[in-house]
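The values are calculated or read from the model by the stated rules, or taken from the named source; none is laboratory data. Computed from a predicted structure; not experimentally measured. Heads up, the Cβs are rebuilt from the backbone with ideal geometry, glycines too, and the neighbour counts pull from every protein chain shown.
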Amino acid sequence: MTSTTGLIPAPATLRDLPSVGGFVLDESTVIDAGPGTEATARWLRGALGAATGLALPPGAGDDGETVRLRIQPEDAGHLGPEGYKLYVDGDDITLHGGGPAGVFWAAQTLRQLLGPDAFRRAPVAPGRQWLVPGTFVEDTPRFGWRGLMLDVARHFMPKEGVLRYLDLMAAHKLNVFHFHLTDDQGWRIEIKRHPRLTEVGSWRARTKFGHRASPLWDEKPHGGYYTQDDIREIVAYAAERHITVVPEIDLPGHSQAAIAAYPELGNTDVIDTSVLSVWDTWGINPNVLAPTDNTLRFYEGVFEELLELFPSEFIHVGGDECPKDQWRQSPTAQARIRELGLADEDQLQSWFIGHFDQWLTARGRRLIGWDEILEGGLAEGAAVSSWRGYAGGIAAARAGHDVVMCPEQQVYLDHRQAPGEDEPVPIGFVRTLEDVYRFEPVPGELTPEEARHVLGTQANLWTEVMEDHARVDYQAFPRLAAFAEVAWSSLPTGRDRDFADFERRMAAHYGRLDASGVGYRPPAGPRPWQRRPGVLGRPIDGPPPNR
Ligand code: ACM
């Protein structure tokens, strides 16, 4: 691996071929797109056309003129649908994918080979030569689920920012966008049959500033939501980039925004839910959904609209951090427990999740939830996002359930990335770039048979302390680049990744991030404007507990 090339994530095989010369992109270059590769050709023309100023029209050119895109199972099929081979010599550039996604990932590799300026939106040096050195790459992902979760509930990210993150994901060969659309602090998706979810639920009057222990408040309204057309656009934009959008509607906890909009969804026999507003602070909220038929019908309506918008096989129903106190006090909830013959409130949560598992399964979809859905018995067919460490994922895989590994100790990118007081909001455990790079999604305890249930891995971006895209960039990068390599690149023999080699390649990658306008954390620490003096946080020093 050469540091000038610096491909990230590292491909399975990379050969520099100086003897075959290089390919020069110029006014004569055409893109020859075979069947099934038209969308990637459009993407390539858009991205490289903008950066180079070249037209890159469709066509079949002569020697020295053609970038050829093919789905070529005979050549790349053994690498799987996302695998690809990329050949560059003086005559042409050839991108062979096992399937359409493989051709797209090959195109992403090609852009990296062109250097940082290929990530700009307009040419910075008109007339410069765009040389791709002679190269052979053969590549395929380790995991089929290479995810990023973005919490747009705690702080709304306007649509433009979401589309930008989809581009950044694609540049890192990530392919699942877990869209956390609802929480106590905001409901972010238009639901036509329940308009108050956004009329009321998408705005809060003020916001806790910093960690939840902070005494500071940002005394201004915050909010926003995506219309159904916005969602269609996001889903289509993602699909063009071979990214699946998995929506999350969090229930039965993390639901105060919905209860503020429709008080009858809450435990009205325990508290007066009509006085609740969209929550303006952080933490685990006691106001959870009532386990009534009305609640089930209401959310079936929400999911009906969701299924129209999101073609994803998996639909995320949350299931995390649902305090059971109100259910313990509620005569309605207790009657339901008796009527269903359940042992306790944990089983009532399982019944809740199980209802939506059956409902989604009957409609050809699959339910996924946070690992708390294991408590009280996991619904058949459900998959688990293992966030409280590895344990939930191990238990689920051993019981034959599919798992996405996203332990908070390792891949919660809201946690600070260096010790000391310089980090903008010093919450959580210190997880450095190297820590994330050394994260291993498949626990050694699993047998190969059990390990097959690990669909992949996901980094999570919770946005309590990220009020704008600059803060999201700072927390996400450069660690998301390390995470992308964990998710994509095969594990070396001996399971030890070479961090020094990754750092050498990062030297080139920082140039790509700069050209893309990503406000990452520089290796030497935050830039002056990235520090945020006066924002109180609660540092947790020492190693993270492994639950
Ligand atoms: C979570 O972090 N509550 C899933």
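Details
- Enumerated strands (runs of 3 or more DSSP E) restricted to segment 1-86, each holding at least 1 residues that are surrounded by 20 or more Cβ atoms within 10 Å (Cβ to Cβ) and either out of contact with any Leu (no Cβ under 6 Å at 6 or more places or on another chain) or at pLDDT 95 or above (or both): 23-25, 30-33, 66-71
- Looking across segment 466-483, just one residue is within 16 Å of the ligand (Cβ to nearest atom) and either outside any helix (DSSP H, G or I) or over 25 Å from Glu503 (Cβ atoms) (or both), and that is Met466.
- Residue check, Ile353 farther than 17 Å from Val245 by Cα and within 16 Å of the ligand (Cβ to nearest atom): yes
- Of all residues in segment 226-263, exactly one satisfies the criterion of being under 19 Å from the mean Cα position of the chain (by Cα), surrounded by fewer than 23 Cβ atoms within 10 Å (Cβ to Cβ) and among the aromatic types (Phe, Trp, Tyr), namely Tyr237.
- Odd one out for Tyr299, checked against (1) within 16 Å of the ligand (Cβ to nearest atom); (2) of a type in the set (Ser, Thr, Tyr); (3) closer than 30 Å to Ile243 by Cβ: (1)
- Where helices (runs of 4 or more DSSP H) fall entirely within segment 397-465, those with at least 2 residues that are on the phi < 0 side of the Ramachandran plot, within 14 Å of the ligand (Cβ to nearest atom) and within 22 Å of the chain's Cα centre (by Cα) are at 408-411.
- Taking every residue in segment 208-224 that is touching a residue at least 24 places away in the same chain (Cβ under 8 Å) and pairing it with any residue that is loosely packed, with under 14 Cβ neighbours inside 10 Å and not in a loop (DSSP other than H, G, I, E, B), at least 6 positions away or on another chain, the pairs with Cβ-Cβ distances below 7 Å are Phe209/Asp218.
Residue-wise test of (1) under 23 Å from Asp151 (Cα atoms); (2) part of a helix (DSSP H, G or I).
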site	(1), (2)
Pro311	yes, no
Cys322	yes, no
Trp327	no, yes
Ile337	no, yes
Asp346	no, yes
Ser350	no, yes
Glu372	yes, yes
Gly381	no, no
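- Looking across segment 369-384, the residues that are in contact with a His (Cβ under 7 Å, 6 or more places away or on another chain) and either within 13 Å of the ligand (Cβ to nearest atom) or small (Gly, Ala, Ser) (or both) come down to Gly369, Ala382, Ala383, Val384.
- Those residues of segment 318-340 which are within 16 Å of the ligand (Cβ to nearest atom) and not charged (D, E, K, R), in sequence order: Gly318, Gly319, Cys322, Pro323
- Lone unmet requirement of (1) touching a Lys or Arg at 6+ places or on another chain (Cβ under 9 Å); (2) under 30 Å from Tyr437 (Cβ atoms) for Pro11: (1)
- Considering only residues in segment 87-125 that are aliphatic (A, V, I, L, M), part of a loop (DSSP other than H, G, I, E, B) and at pLDDT 95 or above, the one that is surrounded by the fewest Cβ atoms within 10 Å (Cβ to Cβ) turns out to be Ala122.
- Residue check: Phe156 meets all listed conditions (1) touching a strand residue (DSSP E or B) at 6+ places or on another chain (Cβ under 9 Å); (2) not in a loop (DSSP other than H, G, I, E, B) but one, namely (2).
A quick yes/no check of all residues on (1) buried (at least 18 other Cβ atoms within 10 Å of the Cβ); (2) closer than 13 Å to Gly147 by Cα; (3) of a type in the set (Asp, Glu):
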residue: Glu434; (1), (2), (3): no, no, yes
residue: Pro441; (1), (2), (3): yes, yes, no
residue: Gly444; (1), (2), (3): no, no, no
residue: His453; (1), (2), (3): yes, no, no
residue: Asn460; (1), (2), (3): yes, yes, no
residue: Val465; (1), (2), (3): yes, no, no
residue: Ala470; (1), (2), (3): no, no, no
residue: Phe477; (1), (2), (3): yes, no, no
residue: Phe483; (1), (2), (3): yes, yes, no
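- When Glu305, Glu345 are checked against the criterion of being more than 30 Å from Ile394 (Cβ to Cβ) and more than 16 Å from the ligand (Cβ to nearest atom), a single residue qualifies: Glu305.
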